[in-house]
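Heads up, the thing below is written out as structure tokens.
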Amino acid sequence: MPQKEIESPVSALDSSGWPVNFGWSRTPCFFYDPALVWAPRRCVSEADRYIVFSPTHLVITEVADNGYLGYTGTSVVSLKDKKRTTQIDIRMFPLGNFEMPPGSETGAVRQRHKKTSLDFVSMDGGVRIIKADIPRFGHHRSLRGELVLTAPPGAESLITHSPWRGEKNSFCYSRRSPWYTAEGVIQYGTSELIFTKGNAWGIFDWNRGVRPRTDLHYWASAGGMCGGRQAAFSIGYGSADSSQGTENAFFVDGKLHKLDQVTFHISPSNWMLPWRFTSNDNRLEMIFTPHQQRVERNRVLFYYQKRRQFCGFFSGRVILDDGSAMEFSSLTGFAERSRTLF
């Protein structure tokens with residue numbers, strides 16, 4: 001079945017709360033109202049995540065309300081000495097109390113836990129602000145600062161709305177925007193992590209939906225400069241039925257070039273060996289060299305999640321929509337495999 005591009009505003013749910021209008025879009029044209037969802041609140045999943053990186057560091061911030069389990073996490077990864085520090089706050093049964101915005105273009109996510117705060121704020125013109133204040137962030141150091149993410153003019157995002165195979169009321173509505181320029185300073189203990197525009201980049205990963213009972217998902221994204229042009233991509237696949245809109249696209253100066261199915265080839269014996277990526281339309285051939293990995297497990301009653309996250313560098317070749325080829329090398333990025341049981 002060919003992919004279905006949605007080009008005008010539609011609803012992600014019908015009047016009875018069942019998911020409809022599956023496909024993909026370049027803009028957030030799906031209307032989603034969580035009050036319409038026909039599913040127990042414990043099954044609804046809402047998550048915002050940012051991956052920001054410079055030549056020296058990668059910073060991941062995330063807020064997620066997964067019904068049974070609420071999650072606020074921040075990680076700092078050194079790309080030079082292979083060190084990383086993570087702070088995770090788990091909340092039991094948030095069930096919507098995180099008040100995540102229903103749309104990806106406006107609104108704010110604000111989390112407070114003890115003396116820790118983490119804010120994601122959407123501003124006019126597509127600007128996004130990340131603010132963090134964590135008094136005790138690993139080894140008794142503090143982490144605080146502010147990052148500003150700016151979109152390129154006329155940038156397009158990869159928006160997908162997909163059903164889950166075999167579960168009629170489950171769906172995944174997501175947005176991936178991997179082309180932000182980043183600037184700001186993070187005070188990390190006695191050190192300063194400095195992100196300068198044109199030398200630091202940001203990825204926005206936004207998801208809303210109703211979880212299936214089991215899910216296995218792969219995702220990778222990266223960005224940077226290539227021959228004077230900004231190059232970025234977001235690729236992934238999992239248990240969702242992506243036949244009407246895959247999670248795969250390459251971006252040049254913020255413009256989207258749609259890809260079909262992409263496969264992750266990972267050594268089963270050693271995931272730190274280089275990964276290979278291929279597409280069924282022969283438009284993407286890529287190698288990922290992992291730098292380091294992080295394994296995370298979370299469990300609350302019947303809900304269980306395991307993620308293996310890797311940071312590293314991507315190099316390869318992509319065929320753009322106009323038929324031209326683009327070579328890219330050493331794009332800094334992120335890849336993961338996540339498994340959820342419910």
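Things to note:
- Screening the stretch 121-150 for residues that are touching a strand residue (DSSP E or B) at 6+ places or on another chain (Cβ under 6 Å) and part of a loop (DSSP other than H, G, I, E, B) and picking the one that is surrounded by the most Cβ atoms within 10 Å (Cβ to Cβ) gives PHE137.
- Residues being among the aromatic types (Phe, Trp, Tyr) and touching a His at 6+ places or on another chain (Cβ under 6 Å) - total across the stretch 1-55: 2
- Long-range neighbours under 6 Å by Cβ, at least six apart or interchain, first residue in contact (Cβ under 8 Å) with a residue 24 or more places away in the chain and of a type in the set (Gly, Ala, Ser) within the stretch 162-175, second in a strand (DSSP E or B) and crowded, with 22+ Cβ neighbours inside 10 Å: SER162/CYS172; SER162/ALA240; SER170/TRP164; SER170/VAL210; SER174/THR160
- Residue ranges of strands (runs of 3 or more DSSP E) in the stretch 264-342 with at least 3 members among the hydrophobic types (A, V, I, L, M, F, W, C): 284-300, 303-319, 325-341
- If you filter the stretch 79-115 down to residues that are of a type in the set (Val, Ile, Thr) and touching a residue at least 40 places away in the same chain (Cβ under 8 Å), you find that the one that is surrounded by the most Cβ atoms within 10 Å (Cβ to Cβ) is VAL109.
- Residue match in the stretch 32-40 (condition: under 28 Å from ARG110 (Cα atoms) and among the aromatic types (Phe, Trp, Tyr)): yes
- Exactly one residue among LEU158, LEU118, LEU216 is loosely packed, with under 15 Cβ neighbours inside 10 Å and touching a Lys or Arg at 6+ places or on another chain (Cβ under 9 Å), and that residue is LEU216.
Each value in this text was obtained by applying a stated rule to the coordinates, not by laboratory testing. Just so we're clear, the structure is a prediction, and the values are computed from it rather than from any experiment. Every residue, glycine as well, gets a Cβ built from its backbone with ideal geometry; the counts of neighbours run over all protein chains shown.
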